[in-house]
Amino acid sequence: MANITTVVGASGQTFAVTVTGGQTQLLAQQYQTAVSTLHSSGGLDSYDMAPGSNSDAGTGVGHGLISQGGQYSLADSATQYVSVGSYSTTGQDTLNSAVSLDLSNSTAKNISVLAGDYAGVSLTAGNQDGTFVGGVGNNTFNGANSTGNWNIATGDGNDTITGTSGNNTISGGEGSNTIQLGSGTNVVRSEGQDTISGTTGTDTVTLLGGSSQVTLGANGTVYDTTSHNTVSGGNNTLITGGSSSTYFSTGAMSTVSGGLNDTISASADIWQVRGTANSISASGSLTFLNGTGATTVSAGTSTLFGASGLDLMLVGGSASSTNLFVGNEGNETVSAASSNGTLHAFAGTGNETIIGGSSADTLVGGSGAATLTGGSGAANLFALNKGSAGGDYTITDFGSAAGNLMALYQYGLQNNNGLANVLASATVAGGNTTIELSDNSKITFVGVSDLNASNFTLS
């Protein structure tokens, strides 16, 4: 929605500037208040600018007004405010002719520009600090050769913003904007479908519009509040995930927090925290904390802490890949059936389904019920620890591969014929054997009717 901001023009006339978007309106109000305060105190010198070089000959703070298209420049230290719009008795801004404003020769320490031009305004910054409000039209801010600190906000046009090497705060409106960040500390608020690049500064980007592309260097932060964004970050990048977005980590280490149905990849190591139904791949190591939903993981090594509702599929990897899974509360499923690596899994307190892969895996039951499948690999180790067990366990393929073992730790069954007594009390029914331990743990070996002591390891 477009709003009209009015300021005092030359000879006290009303000068109207059109702005759109929340951030532009906020900055326009601040601009209007500052100009009005100076005018009320008699410290404002408003004058009409003409195409070409301009300077203020007055004694107060200069306020230049541009009401026609053309190329303008400033070459003084007095002018601190520039308004681009139309003189109006009806409160309307009718300027629709392109304006170019060059501040590179200005010696003012700080300049604020409020621009409303339906044909767009192109501003070239000097080394001063400043504020640029591009209200309507397709605007351009060029700070490539500037060292100043700038606050830049544009409306709903398709704007092009090149930041300075100072510290910039940038708010792009709802158009398709192109934002190039400099080497300073930059904060970007993206409302449109933007292309944002910054590889040399320390950048924080908040995505509000969706379907944007962001490329950052090291130490960047991205808050993805929408969906279908594509974000690439360097070392030590932090991304707060959105929905159905794609994230690339090109540095040694990065972190993605949250996210739903996102695709996450890393050329080295990455942490993924509290995500839901994401697809994650890492050439190096992955640390996965409290994730849930239908999740796919491929990593050189992974340490995985689940959460209730996790349905985890481990895929790919190499024979040297290792995956450590630690279960949590609630129901969880972990499958390494499509993984080439080794799985070491520790079930939690809920109902767990754990499926090994093609390697020799270790599957440890927790205090809840667990269904354990060794997978296509041989010499799998199934285990219970007294003190952390006590549930009902089903091992679906214990007899299907050579070398499978059942480890019973801290039960003392190696003493006083303990294991022999457990086996003697076993129940065989339907081709399955069930044993019961002193902590009320029950283990059913599916398809095994001839369980014997050689199938166990004790400590």
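The values are calculated or read from the model by the stated rules, or taken from the named source; none is laboratory data. On a predicted model such as this, the values are computed, not experimentally measured, just so you know. Every residue, glycine as well, gets a Cβ built from its backbone with ideal geometry; the counts of neighbours run over all protein chains shown. With ligands, DNA and RNA removed, areas are computed over all heavy atoms of the protein, side chains included. Shrake-Rupley method; radii C 1.70, N 1.55, O 1.52, S 1.80 Å.
When N counts the residues of region 1-80, how does its alpha-carbon radius of gyration compare numerically with 2.2 N^0.38 Å, as a ratio? Against the compact-globule rule of thumb, the ratio is 1.12. Against the chain, whose longest principal axis comes from its Cα atoms, helix 22-40 is set at around 30 degrees.
Quick one: Cα centre-to-centre distance for region 364-426 and region 252-281, in angstrom? If we compute the Cα centre of each part, the gap is 34 Å.
Label point of Met253 set 7 angstrom out along Cα-Cβ; within region 208-243, amide nitrogens under 16 Å from it belong to 218-220, 234-239. For region 201-289, the alpha-carbon radius of gyration amounts to 0.93 times the rule-of-thumb value 2.2 N^0.38 Å expected for a compact globular protein. Here is the size of the chain from its Cα atoms: Rg then Dmax, 33.1, 108 Å.
Solvent exposure of region 343-459 amounts to 42 Å² per residue of accessible area, where only protein heavy atoms count and the probe is 1.4 Å. Taking every protein chain into account, the accessible area of region 1-175 amounts to 39 square angstrom per residue (probe 1.4 Å).
Element breakdown for region 1-175 at a 1.4 angstrom probe: carbon and sulfur atoms account for 42% of the accessible area. Adding -39500 (n - 2.57) for every DSSP H run of four residues or longer, then dividing by how many residues the chain holds, sets the calculated 222 nm ellipticity at -2000 deg cm²/dmol. Of all alpha-carbon pairs in region 383-449, indicate the percentage at a distance above 13 angstrom. The calculated P(r) of region 383-449 puts 64 percent of pairs beyond 13 Å.
With Cα atoms as the point set, region 214-349 shows a radius of gyration and Dmax of 13.8, 41 Å. Relative intensity of region 319-380 on a log10 scale, I(q)/I(0) at q = 0.16 Å⁻¹, equals -0.41, per a Debye sum over C-alpha point scatterers of equal strength in the absence of solvent. Amide H contacts under 5 Å for Ala266: Ser249, Ser281, Ala282, Ser283, restricted to partners 5 or more places along the chain or on a different chain, H placed in the peptide plane at 1.01 Å from N.
Rolling a 1.4 angstrom probe over region 275-375 with all protein chains present gives an accessible area of which 53% lies on carbon and sulfur atoms.
Over region 367-459, what is the relative contact order in whole percent, taking alpha-carbon pairs under 8 Å and six or more residues apart? Kindly include the intermediate steps, with their values, before the conclusion.
On the way: 184 pairs, mean separation 29.3, N = 93.
After rounding, I find 31 percent.
Any number yet on Rg/Rh for region 316-428, C-alpha, Kirkwood? Intermediate results must be reported in sequence, preceding the final value.
Working: Rg = 14.3 Å, Rh = 14.4 Å.
A ratio of 0.99.
Rounded to the nearest 20 debye, the dipole size of the chain about its Cα centre is 580 debye, using +1 on the Cβ of Lys and Arg and -1 on the Cβ of Asp and Glu.
Evaluated at q = 0.11 Å⁻¹, the base-10 log of the normalised Debye intensity for region 107-228, with identical point scatterers placed on the Cα atoms, takes the values -0.31.
The length gained on full extension between Ser40 and Asn96, counted as 0.36 nm times the residue separation minus their Cα-Cα distance, comes to 17.1 nm.
By how many nm would the segment from Gln29 to Thr322 grow when fully extended, if each residue of separation counts as 0.36 nm and the alpha-carbon distance is taken off? If you can, show how the numbers build up before the last one.
Values: separation 293, 0.36 × 293 = 105.48 nm, distance 5.84 nm.
Gain on extension, Gln29 to Thr322, equals 99.6 nm.
In terms of its C-alpha gyration tensor, region 69-132 has a prolate overall shape, because the principal axis ratio a/c (a ≥ b ≥ c, square roots of the eigenvalues) is not below 1.5 and a/b outweighs b/c.
For region 36-111, report the translational diffusion coefficient in µm²/s to the nearest whole number, using Stokes-Einstein at 25 °C, 0.890 mPa s, and a Kirkwood Rh over Cα pairs.
190 µm²/s
In region 1-175, how does Rg compare with the Kirkwood Rh, expressed as the Rg/Rh ratio over alpha carbon atoms? Dividing the radius of gyration by the Kirkwood radius yields 0.92.
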